[in-house]
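Quick notes on the structure that follows.
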Amino acid sequence: MGVKAVNTVRHDPWQAALTQFEHAADLLSLKRGVREFLRHPKRELTVHFPVQLEDGSVEVFTGYRVHHSTVLGPTKGGIRYHPSVTLEEIRAFAMLMTWKCAVVGLPYGGAKGGVVCDPKLMSSTELEHLTRRYATEIGILIGPESDIPAPDMGTTPQVMAWIMDTYSMHHGYSVPAVVTGKPISIGGSAGRMEATGRGVAIVARETARHLGMQLAGARVAVQGFGNVGSTAAQTLRAEGCRIVAISDSRGGIHNDRGLDPDDVLQHKQQAGRVAGYPGADAVTNEQLLELPCDILVPAAVEAQITADNAPRIKARIVVEGANAPTLPEADAVLRERRIFVVPDILANAGGVIVSYFEWVQDLQSFFWSEEEINERLERIMVRSFREVLAVSQDKQVDLRTGALARAVGRVAEALVTRGIYP
Ligand code: NAD
């Protein structure tokens, strides 16, 4: 059954990010100096630091924080705790964050951070010590006006709370705006947890409308049933879609008559996995991607749609909930097959949009209702989708290139307007 969840294709995320950037730069005929500036990260910090573990031993960990661009404002980007974290991966995601913020019009540049560690093997006390020390090590970069981290793979609202507290202790007063994705009790925002999945559902709906596809009854397959995948499935079901397949890292389930995501979530909470859900067939993660469906939502990890499986994907629309789930070679295949791909920087921007709302609320110490948050999220997602669609139609390119062109164009314009210091 679906235990072999991981697509093991090796890929170079930095090279993939550069390839995508070069497409957009060519399309915009960017001048050499601007192009060179934007293909380099502004700064990269590597830190090695000791943490005392519960058994009394000391382990030295390696962490990173990369700022890709500060042209549009302070930098924004998640912190990842995972054994496979590398500087190249963090650099790639920092660049993608620059484009993600720019494509939806947020006044931020892109950043990303990470620590090479396995949070699943660490106690809560060890994680707290690691987090507080890492926050101190990158303290020369982060701040509410300079660089605002958020959760990513392996980090949680609690981790953000420890970073916020550590930073605040060093300053002698509380600075909630230094991180987003915090618990609501310390300045987090209503609707932040659900924001990315909601955004995915909004652009799926807009895409269906654009293609003249009925959303009611549309078959949806969702890979990854965490924060993004579960909310996307719930929201799309509420819009009338039929959720035909769902998976997590331990495998997936399929029922062409439709699954109830709330029920599946309850089953997952009890069984620890979606597999074994009664009344559904078992599928592997590889099989899920190739099932007959109308909308495919990869919402797990990167590099899932490859040159190998892209010819067998049957969906009409792919909405990238995850970051970089489609390799550049696969993109070309999907484009040829006229499968409509809503790229990550647009599709999953809901998270950073509501993170921006959280930061604004913290800076003003004035908080909005979930209704207000959702209305503003809806407005920005719909506007951004339409802008990107217009660029891609105008330049006759796919939506990914259109989104990148929109984003890179915005940053390049600001860069040229600011000029070169000194
Ligand atoms: P999560 O940890 O809550 O959920 C991830 C899900 O994917 C889990 O169900 C896990 O079991 C499953 N998974 C992990 N490895 C898998 C594999 N190899 N095959 C199939 N399933 C696998 O994470 P999340 O916050 O939902 O994030 C999912 C993706 O969306 C990531 O790529 C993340 O970078 C991206 N993203 C998240 C946010 C956000 O706000 N949470 C914002 C933007 C992008």
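Bear in mind these aren't lab numbers, they're just calculated from the coordinates by the rules spelled out. Keep in mind it's a predicted model, so treat the numbers as computed, not measured. Cβ sites come from the backbone with ideal geometry, for glycine too, and all protein chains shown count toward neighbours.
Take every Cα pair under 8 Å whose residues are at least 6 apart in sequence, average their separation, divide by the length of the range 305-381, and the relative contact order is 29 percent.
The slack in the chain from Val382 to Ile186, taken as 0.36 nm per residue of separation less the alpha-carbon distance, amounts to 67.5 nm.
When only C-alpha pairs under 8 Å and at least 6 residues apart count, what is the relative contact order of the range 194-347, in percent?
Once normalised by length, the contact order is 22 percent.
Ranked by the mean number of other Cβ atoms within 10 Å of their residues, highest first, the peptides 329-336, 120-127 come out as 329-336, 120-127. If R0 is taken as 25 Å, the Cβ-Cβ distance between Gln393 and Glu413 corresponds to a FRET efficiency of 0.75. Take the Cα of Ser365, step 7 Å toward its Cβ, do the same at Asp281, and the gap between the two points is 6.0 nm. Within the chain, the whole DSSP H helices whose Cα atoms reach 20 Å or more along their own axis and whose mean Kyte-Doolittle score is at least 0.5 are 87-103. The convex hull defined by the C-alpha atoms of the range 194-347 has an orientation-averaged projected area of 7.7 nm².
Summing +1 for each Lys or Arg and -1 for each Asp or Glu, what net charge is found among the other residues whose Cβ lies under 12 Å from the Cβ of Ser146?
+2
Dividing the mean sequence gap of close Cα pairs (under 8 Å, 6+ apart) by how many residues the chain holds gives a relative contact order of 18 percent.
Counted by neighbouring Cβ atoms within 10 Å, the residues Met153, Met381 run from fewest to most as Met153, Met381. From the largest down, the range 13-177 spans 57, 34, 22 angstrom on the principal axes of its Cα atoms. Taking label positions 7 Å along the Cα-Cβ direction at both Ile140 and Ser57, the computed distance is 3.0 nm, reported to one decimal.
Scoring 399-408, 300-309 by mean Cβ neighbours within 10 Å over their residues and listing the highest first yields 399-408, 300-309.
Between Lys31 and Asp308, the contour length at 0.36 nm per residue exceeds the Cα-Cα span by 96.2 nm.
Based on DSSP H runs of at least 4 residues, each adding -39500 (n - 2.57), what is the mean residue ellipticity at 222 nm of the chain after dividing by all its residues, to the nearest 500 deg cm²/dmol?
For the chain, the value works out to -14500 deg cm²/dmol.
When the alpha-carbon atoms of the chain are used, the pair Rg, Dmax equals 20.7, 67 angstrom. With the charge dipole of the chain set up from +1 on Lys and Arg Cβ and -1 on Asp and Glu Cβ about the Cα centre, the Cα lying farthest toward the positive end among the listed residues Ala204, Ser57, Trp368 is that of Ala204.
Order of Thr70, Thr75, Thr417, Thr326 from fewest to most other C-beta atoms within 10 Å?
The fewest-first ordering by Cβ neighbours comes to Thr417, Thr70, Thr326, Thr75.
With both labels modelled 7 Å from their Cα along Cα-to-Cβ, the Asp256 to Glu44 distance reads 4.9 nm. The residue among Leu141, Ser124, Ala161 whose Cα reaches farthest toward the positive pole of the charge dipole of the chain, with charges on the beta-carbon of Lys, Arg, Asp and Glu, is Leu141. The alpha carbon centroids of the range 366-422 and the range 272-318 are separated by 29 Å. Volume per residue for the range 366-420 equals 106 cubic angstrom (convex hull of Cα atoms). Compared with the alpha-carbon gap, the fully stretched path from Gln270 to Ser124 is longer by 50.4 nm at 0.36 nm per residue.
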